[in-house]
Every structure is written in structure tokens, then in C-alpha cells.
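Shown next, in C-alpha cells, is the structure this report addresses.
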Amino acid sequence: MDVTSILNGQWDFRIEHKGIKVFSSRISGSDIQGFKGEVELRVSLKKLISLFHDMPNYTRWVHHLTSMEILEKIEVVEYMVRQVIDAPWPLQQREVIMRTRLVAAGDNGIALTMQEEPDYLPLNPQYHRVLHSRGTWVFTPEGHDLIRVIFAMHLDPGKEVPAAVSNAGMFEVPFYTMNNLRALLQDQSYNPTWPNELEEHLAIIEDDPSQL
């Protein structure tokens, strides 16, 4: 699920609620469908990217996420991370290990790509290791402090969860995640720190985001 397929792929519209649009797409070789959420946010691009580098606070907005940790900082724009996702009893919590990276997206956007790396750590019997997970966040400036945000993902939770159950509940993830994200960004007390080292890789002009 690369950035090009996210921006130009075939997606079926499912629902819109509170300004958040949700789409689905069939994924070759899988019974689990991919999802995509879209929303426009009134926020500066710097604050949005700062939030995505504020990993200790991911549990405040990512739906059903119980923990998030950095396993390795490969370079300024690339990390290996571990997430634990809650699952209904009696299922084990899902453990997802991914490589994340900031890349260019389209003419003036930025994307955060996520690719599974299930063999990075030895298996932990306390969790169910997710073997297939990939996704992308795309941030595209549309005007002064107006960002079009896309969140697309395909995650196979494992054979213990029937495909019909996963597909029926998958619309919750993009909606609640993006709704929580918007609420946190609107919280005046939340001011994530901008990683100054990103200046070597990103040129963000706050007064005119279209010139990114």
C-alpha cells in the first residue's frame, strides 16, 4: 500500500461522519479489506508533524492502542516502532512491529509510511504478533493552516479473527483515530515539541504551506 496507490487507487466510499470520510478497498491476496479515512484539519503542518513524533502520546488518539515504543531510531526520518493494540476478550492483544519513514507525497505533501517488520524481535507469547500490516498517513497543505489528511491501512489481525468480523469493524479505526487526532490538535494545552533535526530534511514555510 504505497503512497501512489493511496492517492490514486480505487477506493469505495462507505460513510461520512463529523467531516471524516471513510473508504474501503479490496486487497489482492487477502480477505481483509483496506481502509482509508480523509479529513481536513485547521492546523499548521509543523504542529501536525510534531504530533507524529510525539510517540509517548500516541495512546491519546490512536484507536485501541495500549502502548507505543521506539525500538530503534535508524535516522532522523526513519524509526522502528512497536505497538500493542487492544483486542476483545478472550483474544490476545495484537503486537505490531513496523518501520516508519517520512517521504515526499505528490507535489507538496509529506507521507509517513508504515511497513511491517514482524521478525525484528523474537516472538513474545504474551501477544499475538501481527504478520501483515502496512499503511500510510499523507499530509497535503490546501491553504494557510489547512491540511488534507489521509490515513490508509491494511492490517490482518490473524486467523483467530474472522475476515467478516474484521471488515465489519474496520471503519471504527479511521474514524475514531482521526476524530481523536483532531480533538488533541484543538486542545490549546497540547503543544508537541518540533524536532529541530528535521530541518535538515524538510523545508516548511508556515505562512505558505503550499511551498513545502
**Item:** Where residue 136 falls short, out of the listed (1) surrounded by 14 or more Cβ atoms within 10 Å (Cβ to Cβ); (2) farther than 22 Å from residue 176 by Cα; (3) touching a residue at least 24 places away in the same chain (Cβ under 8 Å)
**Value:** (2)
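Within region 49-62, which residues are in a loop (DSSP other than H, G, I, E, B) and either of a type in the set (S, T, N, Q) or more than 15 Å from residue 82 (Cα to Cα) (or both)? First the steps, then the outcome.
Within region 49-62, the subset in a loop (DSSP other than H, G, I, E, B) is 53-54, 61-62.
61 - this is the single residue of region 49-62 that is in a loop (DSSP other than H, G, I, E, B) and either of a type in the set (S, T, N, Q) or more than 15 Å from residue 82 (Cα to Cα) (or both).
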**Prompt:** If you check every pair at least six apart or on different chains, which have Cβ atoms under 6 Å apart with a residue in region 68-95 that is within 29 Å of residue 202 (Cβ to Cβ) and loosely packed, with under 15 Cβ neighbours inside 10 Å first and a residue that is at pLDDT 95 or above and among the basic types (Lys, Arg) second?
**Reply:** 69/82; 78/101
**Message:** Residues to consider are 14, 82; find the one that is over 13 Å from the mean Cα position of the chain (by Cα), at pLDDT below 95 and part of a strand (DSSP E or B).
**Reply:** 14
**Request:** Return yes when residue 161 is at pLDDT below 85 and either crowded, with 16+ Cβ neighbours inside 10 Å or not charged (D, E, K, R) (or both) and no when it is not.
**Result:** yes
**Request:** Answer yes or no as to whether residue 5 is at pLDDT below 95, part of a strand (DSSP E or B) and polar (S, T, N, Q).
**Result:** no
**Request:** May I ask you to verify whether residue 96 is among the aliphatic types (A, V, I, L, M), within 30 Å of residue 146 (Cα to Cα) and out of contact with any Gly (no Cβ under 7 Å at 6 or more places or on another chain)?
**Result:** no
**Fill in**
Here the residues within region 151-191 that are part of a helix (DSSP H, G or I) and of a type in the set (Gly, Ala, Ser) are 163, 164, 166, 168, 169, 183
**Boolean, residue 181 is closer than 22 Å to residue 15 by Cα and touching a Leu at 6+ places or on another chain (Cβ under 9 Å)** = yes
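What's the total number of residues in region 95-123 that are in a loop (DSSP other than H, G, I, E, B) and modelled with pLDDT under 95? Explain how you work it out, then say what you get.
Filtering region 95-123 for residues in a loop (DSSP other than H, G, I, E, B) gives 106-108, 117-123.
When the remaining residues are screened for being modelled with pLDDT under 95, the result is 106-108.
So the count comes out to 3.
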**Asked** If you take the residues in region 66-78 that are within 30 Å of residue 141 (Cβ to Cβ) and in contact with a helix residue (DSSP H, G or I) (Cβ under 8 Å, 6 or more places away or on another chain), which one is modelled with the lowest pLDDT?
**Response** 76
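The values are calculated or read from the model by the stated rules, or taken from the named source; none is laboratory data. All figures in this text were calculated on a predicted structure; none of them were measured in a lab. Positions of Cβ are generated from backbone atoms using ideal geometry, with glycine treated the same way; all protein chains shown enter the neighbour counts.
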